[in-house]
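Step one of this worksheet: look at the structure below.
The values are calculated or read from the model by the stated rules, or taken from the named source; none is laboratory data. Source: prediction; values computed, not measured. Note: ideal-geometry Cβ built from the backbone for every residue, glycine included; neighbour counts use all protein chains shown. The protein model used for the area step is the full one, side chains on, heavy atoms only, and it has no ligands, DNA or RNA in it. Shrake-Rupley method; radii C 1.70, N 1.55, O 1.52, S 1.80 Å.
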Amino acid sequence: MPLHRYAPRLWPALRLREGICARLPEHYLAALRDETPPTPVHWRPLGVRYRRNPRTGERERVQDVPVPVYLPPAAHEGLWGGEGWIRGFRYARNDKLSTRLPKTWKPQLFDRQFYSEILDATLTITVTMRTLDLIDEAYGFDFYILKTPKADMCSKLGMDLKRTMLLRLARRDPKLHPDDPARREAIYNKYQEFVIPEEEAEWVGLSLEEAIEKQRLLEKKDPVPLFKVYAEELVNQLKEQALQKQ
């Protein structure tokens, strides 16, 4: 006899179907259900299901097995470009006949300053060499933040920056370069392709707990004192009686 009515692997999906989670915006729920795999970083996919054995010439099946990556809390405070900690084993004294020892491979980190045109601010962020290469490929820090999907960002800081940038683009905030309207309009036009409605931008990058709290505050209603309710009912009754007498 099963211990649970539904398998534990289905619990996260079932949670989104009831209670306050079911009342979250549809675009946010769609983002949560998106299971697009991230871009391979620590391994190279073969891209085929079968290949010829170079020694025997026989056809054999191959599989693309991704390397499990652990993202420590520090990864969400910087931009690691999808890199993380790799846990494995090594041989003592490089001798395959010796005992295996646990080992963790960690990326090399750097503190670099980046200027954001949209935010008009200089940010000091912990990054990896891969992040610097991705920023160069995107032709700028703002383009990298706006183009990179959540699965490849792997950073809470990165998604918070994206939400802040999208909100400023959606609102066309006049606080950006208030003394130079021409420069402000040029920046907004430069990133026009990333503009989405403000109602959607407010939810970009929020964790499920943050989204639930935001929805709770939107639905929150202050209680009305009973004396006001009864006073309003009394006034309506007196009005009706006055109309009947006429």
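Brief remarks on what is shown
- Cut-off 15 Å between beta-carbons: net charge of the residues surrounding Asp133, Lys and Arg +1, Asp and Glu -1: -1
- Helix-only [θ]222 nm of the chain, DSSP H runs n ≥ 4, -39500 (n - 2.57) each, per residue, nearest 500: -11500 deg cm²/dmol
- Net +/- balance of residues flanking Phe89 in space, Cβ distance below 10 Å, scoring K and R +1, D and E -1: +4
- Expressed as a whole percent, the accessible area of segment 1-134 that falls on carbon and sulfur atoms is 52 (1.4 Å probe).
- Average accessible area per residue (Å²) across segment 88-245 - probe 1.4 Å, nucleic acids and ligands excluded: 68 Å²
- Amide H contacts under 5 Å for Glu117: Asp142, restricted to partners 5 or more places along the chain or on a different chain, H placed in the peptide plane at 1.01 Å from N.
- About the centre of its Cα atoms, segment 1-139 shows a dipole size close to 1240 debye [charges on the beta carbon of Lys, Arg (+1) and Asp, Glu (-1) only; nearest 20 debye].
- Reported to the nearest whole Å, the Cα centre-to-centre distance from segment 59-80 to segment 190-204 is 29.
- Bridging of Lys214 to aspartates and glutamates at a Cα separation below 14 Å is possible for Glu199, Glu200, Glu202, once same-chain residues fewer than 8 apart are set aside.
- When peptides 138-149, 39-50 are ranked by their average number of other Cβ atoms within 10 Å per residue, the highest-first order is 138-149, 39-50.
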